[in-house]
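Peer 1: Got a structure for you, written out below as structure tokens; questions coming shortly.
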Amino acid sequence: HAVQDDLLAARDLLVDPDQLAVFSAGTDELSGLTEHLVPCDARLQPLVGGILRSLNVRVLRKYLNSCGSRSTVGVRNAKRTLEGWLATAPERPKYDRSPASDDEIRQFVSRAMQSQTRVSRTGLLQAFRRSGRACEQNRFKALFGEVEAARHG
């Protein structure tokens, strides 16, 4: 939505509006640009790797690499290609994790830091999630940083 006006202006400058393809995971409608949206969602993460935050960029990179040297890369071709990828993509796993308070997360991190000589934030978040608890990555990062600062401060 932040670049919608710019995309509309760019589309109007194109000789062939089919040249505009918008890769935006989770966007089903975009006023004036819906026909340019390429289907893209979290099911493609295993295909392109990485975190969901940068899924659009990695899907676009994979798509462009799959085009080779073709000079006519347009929204119709992009939609066909990604619809094919999505048709074979597995459903996203559903996690039945229970929410945790900030204090519970801090205690988990603190106990791990006390019992281990070296603690990886990513590994600890994975262990926390495997224990059946839910926590968003950035929230865990902030709370981990608080515990770490308190230990060294």
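The values are calculated or read from the model by the stated rules, or taken from the named source; none is laboratory data. Since the model is a prediction, treat every value here as computed from it, not as a measurement. Glycine gets a Cβ as well: all are built from the backbone with ideal geometry, and neighbour counts include every protein chain shown. Surface accessibility is based on the protein's heavy atoms, side chains included, excluding ligands, DNA and RNA. Shrake-Rupley method; radii C 1.70, N 1.55, O 1.52, S 1.80 Å.
Peer 1: Between S54 and D16, what length in nm is gained on full extension when 0.36 nm per residue of separation is reduced by their alpha carbon distance? Write out the running numbers ahead of the final one.
Peer 2: Numbers: separation 38, 0.36 × 38 = 13.68 nm, distance 2.82 nm.
Difference between extended and current length: 10.9 nm.
Peer 1: For the full complex of protein chains and a 1.4 angstrom probe, list R129, R58 by accessible area with the highest value first.
Peer 2: Listed by decreasing accessible area, they come as R129, R58.
Peer 1: Let me check against my output: what whole-number percent is the relative contact order of region 102-152, with C-alpha pairs under 8 Å and at least 6 apart?
Peer 2: Details: 21 pairs, mean separation 23.4, N = 51.
Computed value for region 102-152: 46 percent relative contact order.
Peer 1: So, one more: Amide H neighbours of V22 under 5 Å, at least 5 residues apart or on other chains, H built in the peptide plane: list them.
Peer 2: Close amide H contacts, sequence-distant or interchain: L37, V38.
Peer 1: Quick check: the angle from helix 137-152's long axis to the longest principal axis of the chain, C-alpha only, nearest 10 degrees?
Peer 2: Value to nearest ten degrees: 30.
Peer 1: So if I take the alpha carbon set of the chain, get Rg, then get Rh from the Kirkwood formula, what is the Rg over Rh ratio?
Peer 2: Taking Rh as the inverse mean 1/r over Cα pairs, Rg/Rh reads 1.13.
Peer 1: For the chain, set up a Gaussian network in which alpha carbons nearer than 10 Å are linked by springs, and say which option among Q116, Q137, Q107 fluctuates the most.
Peer 2: Looking only at Q116, Q137, Q107, the biggest GNM fluctuation is shown by Q116.
Peer 1: Tell me, what is the per residue accessible area of the chain in Å², probe radius 1.4 Å?
Peer 2: 66
Peer 1: If you don't mind, there's one more thing I want to ask. So what is the diffusion coefficient of region 52-110 in µm² per second by Stokes-Einstein at 25 °C and 0.890 mPa s, using a Kirkwood Rh over Cα pairs?
Peer 2: 162
Peer 1: Under a point-charge model restricted to the Cβ atoms of Lys and Arg (+1) and Asp and Glu (-1), what is the dipole moment magnitude of region 1-140 relative to its Cα centre, in debye to the nearest 20? Mind showing how you got there, number by number?
Peer 2: Working: 21 positive and 16 negative charges, 208 e Å.
So the dipole magnitude of region 1-140 works out to roughly 1000 debye.
Peer 1: Moving to a separate point now. Cα atoms only, region 1-88: Rg and Dmax in Å?
Peer 2: 12.9, 36
Peer 1: Return the FRET efficiency for the residue pair S101, E29: r is the Cβ-Cβ distance, R0 is 35 Å, and the value is rounded to the nearest 0.05.
Peer 2: Result of the calculation: an efficiency of 0.45.
Peer 1: Let me ask something else. For the chain, give the percent of accessible area contributed by carbon and sulfur heavy atoms, probe 1.4 Å, rounded to a whole number.
Peer 2: Result for the chain: 50 percent of the exposed heavy-atom area is carbon or sulfur.
Peer 1: Quick check: pseudo-label points 7 Å beyond the Cα along Cα→Cβ at R111 and A9, how many nm apart are they?
Peer 2: Using points 7 Å along Cα→Cβ, the separation is 5.5 nm.
Peer 1: Running a GNM on the chain with Cα contacts under 10 Å, which residue among N65, N138, N56 ends up with the highest mean-square fluctuation?
Peer 2: N138
Peer 1: Can you give me the angle between helix 4-13 and the longest principal axis of the chain, using Cα atoms only, in degrees from 0 to 90, rounded to the nearest 10?
Peer 2: Taking Cα atoms only, the helix is inclined about 20 degrees.
Peer 1: With contacts defined as alpha carbon pairs under 8 Å and 6 or more residues apart, what's the relative contact order of the chain in percent? Kindly include the intermediate steps, with their values, before the conclusion.
Peer 2: Values: 127 pairs, mean separation 27.6, N = 153.
After rounding, I find 18 percent.
Peer 1: In addition: Tally Lys/Arg at +1 and Asp/Glu at -1 over every other residue whose Cβ is under 14 Å from the Cβ of G145; what's the total?
Peer 2: +2
Peer 1: Moving to a separate point now. Based on the inverse mean of 1/r over its pairs of different Cα atoms, what is the Kirkwood hydrodynamic radius of region 102-152, in Å?
Peer 2: Details: mean 1/r = 0.0928 Å⁻¹.
Every distinct Cα pair counted, the radius reaches 10.8 Å.
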